[in-house]
Each structure stands twice: as C-alpha cells, then as structure tokens.
Amino acid sequence: MQNLSNSLAHYDIMARLPLVKSRETLVLYGEHDRLRDGEELLHNNIVNATKKTLSPGLLIYLKFGDPETFVDALLEFLKP
C-alpha cells in the first residue's frame, strides 16, 4: 500500500483530467476539506463536472462520520 501511495503522490493526474469520459462527474467536497485546493481544478478540467460542497464543518470523510449526508448528496446527483 505504501508503494501505491508513493506512486500516486508523484502521478500527474491533472494532464489526464480532460480524458475523463462520462456524461457527468460529481466533484464532492466538504466545506473544510483539506484537499479543497483541487476542487476548482477538477471542476474546470473534467468535461461535464458538477461541483457540490457539503454542509459547513463537514469533511469529505463524512462518508464515514456522516454517511447519511454523503449518500443524500450522491442520490441527488444520480436522480434521472
């Protein structure tokens, strides 16, 4: 697992974002997420990306701490 983490840390994902092929992509962040710096980069570089910031004080790890809010956001995005 450590090798995978090291490899991912040095992988230039930004150059590959325009290659993401999907009808829609959800960029989901918590308001106080430490990784929030990449939010706009993802949103602006993935075709058909939808950005959603979750409730104040929540982190993206809310899928563990507040799974109901996480699932609600996913279900809202997946509605036909």
Task: Looking only at segment 17-62, and only at residues there that are in a loop (DSSP other than H, G, I, E, B), farther than 17 Å from Phe77 by Cβ and among the aliphatic types (A, V, I, L, M), the one that is modelled with the highest pLDDT - done: Leu35
Open item on the list: The conditions are (1) modelled with pLDDT of 80 or more; (2) in contact with a strand residue (DSSP E or B) (Cβ under 8 Å, 6 or more places away or on another chain); (3) not aromatic (Phe, Trp, Tyr), and Asp72 fails exactly one of them. Which is it?
Closed with: (2)
Open item on the list: So the check is Cβ under 6 Å with 6+ separation or different chains; which pairs have a first residue in segment 1-27 that's surrounded by 10 or more Cβ atoms within 10 Å (Cβ to Cβ) and of a type in the set (Lys, Arg) and a second one that's in a loop (DSSP other than H, G, I, E, B) and modelled with pLDDT of 75 or more?
Closed with: none
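The values are calculated or read from the model by the stated rules, or taken from the named source; none is laboratory data. These figures come from a predicted structure and were not determined experimentally. Cβ: placed from backbone, ideal geometry, glycine included. Neighbour counts: every protein chain shown.
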